[in-house]
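Participant: Would you mind keeping the following structure in view while I ask a few things?
The values are calculated or read from the model by the stated rules, or taken from the named source; none is laboratory data. Since the structure is predicted, the reported quantities are computational estimates derived from the model, not experimental observations. Every residue, glycine as well, gets a Cβ built from its backbone with ideal geometry; the counts of neighbours run over all protein chains shown. Ligands, DNA and RNA are excluded from the accessible area calculation, which covers all protein heavy atoms including side chains. Shrake-Rupley method; radii C 1.70, N 1.55, O 1.52, S 1.80 Å.
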Amino acid sequence: MNLLSIILWTSVALTLLSVFILIMTILLRVFTDRRLAQDADFMNRVRPELRAYLLGKTSGEAVMAILRKEPHGGLRLLMEESESLDAGGREMLEPLLKALPYGKEELSHLQSRHWEKRLRGAEALGYIGDERAVPALMKALQDDVLVVRFAAAESLARLGHQDAVDPILQSLDVAGDVSQRRVAEIIMILGARSTEPILSILQSSVASENSLGIAARVAGLLKLHRACPALKKLLLHQSQNVRLSAIRSLGSVATHGDMEVIKAISSLGDDSSWEVRCNVMSALGKLGAKQEIPLLLKGLSDPQWWVRHNAAEALYEIGEPGILALRKSVAEHVDEYGRDISRQILQQHGLLQKTMEAQS
Amino acid sequence: MTIIRILLWVILCYYIALHAIYLLLLLLGALQVRRYQRAITFAEFKTIAESHLTMPVTLVIPCYNEAMVICATIRNILRINYPQYEVIVVSDGSTDGTIDLLSKSFNLRPIERFGSRQITTREILGIYDSPDFPNLVVMEKVNGRRADAINAAVSIAKYPLLCVIDADCLLEKDALLHMARPFLRDSHVAAVAGVVRPSNGLGVVDGEIISKGFPRSLLGMNQEIEYARSFQWARIGLSRLRSMLCISGALILIKKQLFEKLGGPWPDAITDDIEFTMRLNRHLHDKRLKGHEKLVYAPDAVCYTEIPEKLRQYASQRNRWQRGTMQAIIRNRGMLFNPRYGMTGLFGMPFFLIFEGLAAIVEISAWILMVVCLILGVASGFEILLMIYLAYILGVFLSMAAVLITESGRLRSASWPEFWRLILAIFTDNLGFHQFHLVTRVVGTIEYLFGRRDLGSAMDRIDQNKSIYDQ
């Protein structure tokens, strides 16, 4: 076959392929339009009924009659509604989710070879609220794919399964600030039910660094005052991440003016990590650490902008003596950066003009 | 005759290699989009939008004489769906009254604001905030090109993520949520690129996108196709191959720490976005640094930018892009065929040089060669026509595939008439428009070689201060 024939046949093949793609695109549009219209029609029928049911104006049977005709669309709608409702509203949706033939298919999805299917199954089971899904979700916590483990953990938390805290922390023993934030947020869904497991992890001597870091975060988010002694001990932990989480949380859970905690936190004011120093400044501000004003003034000239910023904010947060120190440092701080950040924070709080007038 | 035959074979091999790579990118792009869409969970974006732990973002909008569009862009940005963000607008020595306009529109007042000052920039003349919009900051500085304006904004940016967008851009309401998602799923993500589409044809009222549509002109429609090809499969495929060497400056989200480490975009760059992306790749894929950070692409984070609909402006823009591409490649030539940069050095950079930087020269040479062949009788009229048809149908095939991918996602065209206009543009793209594009790029290459480094003429903007009903 010579070159010309190759070009000729390639051109013919490409022409046919292009026509084929065009037809495919047209068909795709037609079917997509039709599906969207059907979805819209279904939603228009079921939404008013569901609203009436949530207001107690109609029975669950009327809604279920429509939902049964389109179980997949129905599940999606119920999940959507569940996201926008409060706890009481979500409770009203539970009978609908349990009465409909949901669950079996999602449970079988957890066994799928495709991780995307396992992910969807794990996510949906949390909304369906069927306690029978707990063993399967616990098993899904061992999945090879991290996002599936995250979805299973979130579903277990949604189901209010208190015993899941430990397995969640074990399966999501992940490093990195963002991942740990996500795990902390998932455990937060359990609310006060996670208190005891979190306290026992904080006091455990065998818990991993990551688990300790996450547990310390959750303690702060839940404002667990009882966690103070354990958190104080973690300030000396060798892992920077654990120290960071402990400082952050102590700023939220310790009593305002608690001398012991303030002393322990301020001992990290010269930490080699700027993130630690940054959080030390914030925590001292939150705890009203008047006696640490010299440390905060030193922080105003830290090489890192965020440390300077948090030190200035902390001085403002401390109240009168802190603000006075901040005003003085506008003119008297030895470091240019310290003077600048003091001006910025005073102005942010509407105090710069007064300071300038007083000084002139 | 032998030389001509050899040249013919060289060009044919070039075409075969180029389209084989395009086909590979197309398949990879389609697979990636499908995988991406299937991995999105039901409440994922809602969780990101409502979470107190989502990483806050500083949005940077550099502008130079953009009074016609800047207010609409800011209003659009102030409406986006994201839990915590600040907007820093930098007027880079504008002479069209941008600062006065912003002062009036947003009730600006001067403030004291001092940042990390990691990157040296031209003098900052003033910083303002707005009591009506607490997350808006405006900076006025001495003119120093777009890169300098971005660096100045970064010096006072507060948050760990930076999003740089152009002054004529409009973001979809959830675009930032879609861009932040990869950072939340993988701590190794260093930067995320989004999709850019033409904004000409959108219905915009007070910065809000109220209707979608395509540009009215044929030139605009052809660029719509070009953007779809580039963003719907080429970049996704390239990102899979660690070879996405051009992230549009119109939309990028990057870790601030990394941005500062790289020293920000180069102020003397003709196209700072291309040069910065190459340097970013150089840093991320340097095996000596043993980093695990990566660059990813979010195919559903959409930003709309204004495209030129007049030939003169189009030529000027493409000329600048071509000169910028050449400059960026030459500045980062150390990556070319260098195994230290893995796939990026061995495939990405050579691809960018051979099939992007030099593509226009090869293609124009092919056209000239065909005419020479016809004159010298090396090839018959039928053979030449057949080769032209092959080039034409290859373009149609790739564009058609891009439309199929677009239509299968949520970025599908709004109506049937718009869809048919898009199809019509595919068939007319290679009938003059594409060739004109090639000429502008060849001129750009020659001018670059003769030392031209300016930014070309500014684009005429559509006045976004008027409502669409006045246009």
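Participant: Going by the structure shown, is A:Glu196 of a type outside the set (A, V, I, L, M), surrounded by fewer than 16 Cβ atoms within 10 Å (Cβ to Cβ) and modelled with pLDDT of 90 or more?
Facilitator: So A:Glu196 fits the description; yes.
Participant: Mind counting the residues in the range B:181-225 that are open to solvent by 30 Å² or more (accessible area, probe 1.4 Å), farther than 13 Å from B:Pro308 by Cα and either of a type in the set (Gly, Ala, Ser) or part of a helix (DSSP H, G or I) (or both)?
Facilitator: 3
Participant: Can you tell me which residue within the range B:1-40, out of those that are facing chain A (nearest Cβ under 10 Å) and surrounded by 18 or more Cβ atoms within 10 Å (Cβ to Cβ), is nearest to A:Arg120 (Cα to Cα)?
Facilitator: Per the criteria, the residue is B:His19.
Participant: Here's another thing I want to ask about it. Please determine, by comparing only the residues of the range A:331-342 that are within 13 Å of chain B (Cβ to nearest Cβ) and surrounded by fewer than 19 Cβ atoms within 10 Å (Cβ to Cβ), which one is farthest from B:Gly115 (Cα to Cα).
Facilitator: A:Asp335
Participant: What residue, among those in the range A:8-33 that are facing chain B (nearest Cβ under 7 Å), under 18 Å from B:Tyr22 (Cα atoms) and hydrophobic (A, V, I, L, M, F, W, C), is farthest from the chain's Cα centre (by Cα)?
Facilitator: Taking the candidates together, the pick is A:Leu14.
Participant: Look at A:Asp177 and say whether it is touching a residue at least 24 places away in the same chain (Cβ under 8 Å), closer than 21 Å to B:Glu44 by Cα and among the acidic types (Asp, Glu).
Facilitator: yes
Participant: Here is a follow-up. Just need a number here: residues in the range B:41-66 that are over 22 Å from the mean Cα position of the chain (by Cα) and either more than 14 Å from chain A (Cβ to nearest Cβ) or among the small types (Gly, Ala, Ser) (or both).
Facilitator: Residues flagged as over 22 Å from the mean Cα position of the chain (by Cα) and either more than 14 Å from chain A (Cβ to nearest Cβ) or among the small types (Gly, Ala, Ser) (or both) within the range B:41-66 amount to 3.
Participant: Checking A:Ser11 against (1) assigned to a loop (DSSP other than H, G, I, E, B); (2) open to solvent by less than 40 Å² (accessible area, probe 1.4 Å), only one condition comes out false. Which one?
Facilitator: (1)
Participant: Quick test for you: out of A:Gln162, A:Gln142, pick the one residue that is more than 20 Å from B:Ala39 (Cα to Cα) and of a type in the set (S, T, N, Q).
Facilitator: Answer to the selection: A:Gln162.
Participant: Next question. Please work out if B:Pro160 is over 14 Å from B:Lys255 (Cα atoms), within 14 Å of chain A (Cβ to nearest Cβ) and either open to solvent by 10 Å² or more (accessible area, probe 1.4 Å) or within 23 Å of the chain's Cα centre (by Cα) (or both).
Facilitator: The answer is no for B:Pro160.
Participant: Restricting attention to the range A:228-258, and to residues there that are without any contact (Cβ under 8 Å) to a residue 24 or more places away in the chain and part of a helix (DSSP H, G or I), which single residue is least open to solvent (accessible area, probe 1.4 Å)?
Facilitator: A:Pro229
Participant: Based on this model, can you work out whether B:Ala228 counts as within 13 Å of the chain's Cα centre (by Cα), closer than 20 Å to B:Ile354 by Cα and open to solvent by 10 Å² or more (accessible area, probe 1.4 Å)?
Facilitator: No: the conditions fail for B:Ala228.
Participant: Given the residues B:Ile423, B:Ile388, B:Ile446, B:Ile393, which is the only one that is more than 12 Å from chain A (Cβ to nearest Cβ) and either in a helix (DSSP H, G or I) or out of contact with any Gly (no Cβ under 6 Å at 6 or more places or on another chain) (or both)?
Facilitator: B:Ile446
Participant: Which one of these is of a type in the set (S, T, N, Q), within 19 Å of the chain's Cα centre (by Cα) and more than 14 Å from every other protein chain (Cβ to nearest Cβ): A:Ser155, A:Ser171?
Facilitator: From the options A:Ser155, A:Ser171, the qualifying one is A:Ser171.
Participant: Output the residues belonging to the range A:313-325 that are away from chain B (no Cβ under 13 Å), open to solvent by less than 80 Å² (accessible area, probe 1.4 Å) and part of a helix (DSSP H, G or I).
Facilitator: Selection gives A:Ala314, A:Leu315, A:Tyr316, A:Ile318, A:Pro321, A:Gly322, A:Ile323, A:Ala325.
Participant: Here's another thing I want to ask about it. In this structure, does B:Phe382 turn out to be surrounded by fewer than 17 Cβ atoms within 10 Å (Cβ to Cβ) and either in a helix (DSSP H, G or I) or among the basic types (Lys, Arg) (or both)?
Facilitator: The answer is yes for B:Phe382.
Participant: Give all pairs with beta carbons closer than 9 Å in which a residue from the range A:343-360 that is more than 12 Å from every other protein chain (Cβ to nearest Cβ) and assigned to a helix (DSSP H, G or I) meets a residue that is surrounded by 11 or more Cβ atoms within 10 Å (Cβ to Cβ) and not small (Gly, Ala, Ser); count only pairs at least 6 apart in sequence or on separate chains.
Facilitator: What qualifies is A:Lys354/A:Arg327; A:Lys354/A:Leu346; A:Ala358/A:Arg327; A:Gln359/A:Arg327; A:Gln359/A:Val330.
Participant: If you scan the range B:88-120, which residues turn out to be over 30 Å from B:Gln257 (Cβ atoms) and within 14 Å of chain A (Cβ to nearest Cβ)?
Facilitator: Within the range B:88-120, just B:Arg109 meets the criteria.
Participant: Out of all the residues in the range B:358-374, which are surrounded by 20 or more Cβ atoms within 10 Å (Cβ to Cβ) and within 20 Å of the chain's Cα centre (by Cα)?
Facilitator: B:Ala360
Participant: Among the residues of the range B:309-337, write down those that are touching a Ser or Thr at 6+ places or on another chain (Cβ under 9 Å), closer than 16 Å to B:Met278 by Cα and open to solvent by 10 Å² or more (accessible area, probe 1.4 Å).
Facilitator: Within the range B:309-337, B:Trp321, B:Thr325, B:Met326, B:Gln327 qualify.
Participant: Determine which single condition A:Lys328 fails, assuming it passes every other condition in (1) of a type outside the set (S, T, N, Q); (2) away from chain B (no Cβ under 14 Å); (3) more than 29 Å from the chain's Cα centre (by Cα); (4) within 22 Å of A:Asn241 (Cα to Cα).
Facilitator: (4)
Participant: Within the range B:396-414, which residues are more than 9 Å from chain A (Cβ to nearest Cβ) and open to solvent by 40 Å² or more (accessible area, probe 1.4 Å)?
Facilitator: Listed by number, the residues that qualify are B:Arg410, B:Ala414.
Participant: Can you name the condition, by its number, that B:Gly377 falls short on among (1) at pLDDT 90 or above; (2) over 24 Å from the mean Cα position of the chain (by Cα); (3) farther than 25 Å from B:Leu219 by Cα?
Facilitator: (1)
Participant: Can you name the residue in the range B:41-56 that is modelled with pLDDT under 85 and part of a loop (DSSP other than H, G, I, E, B) and is also surrounded by the most Cβ atoms within 10 Å (Cβ to Cβ) among such residues?
Facilitator: Among residues in the range B:41-56 that are modelled with pLDDT under 85 and part of a loop (DSSP other than H, G, I, E, B), the one surrounded by the most Cβ atoms within 10 Å (Cβ to Cβ) is B:Thr54.
Participant: Let me ask something else. Do the conditions hold for B:Gly451, that is, is it without any contact (Cβ under 8 Å) to a residue 40 or more places away in the chain, away from chain A (no Cβ under 14 Å) and open to solvent by less than 50 Å² (accessible area, probe 1.4 Å)?
Facilitator: Yes, satisfied.
Participant: Quick one: in the range B:338-357, which of the residues that are under 23 Å from B:Phe450 (Cα atoms) and aliphatic (A, V, I, L, M) is least open to solvent (accessible area, probe 1.4 Å)?
Facilitator: Restricting to residues being under 23 Å from B:Phe450 (Cα atoms) and aliphatic (A, V, I, L, M), the top hit is B:Leu353.
Participant: Which of the residues spanning the range B:163-187 are within 18 Å of the chain's Cα centre (by Cα) and of a type outside the set (Gly, Ala, Ser)?
Facilitator: B:Cys163, B:Val164, B:Ile165, B:Asp166, B:Asp168, B:Cys169, B:Leu170, B:Leu171, B:Glu172, B:Leu176, B:His178, B:Met179
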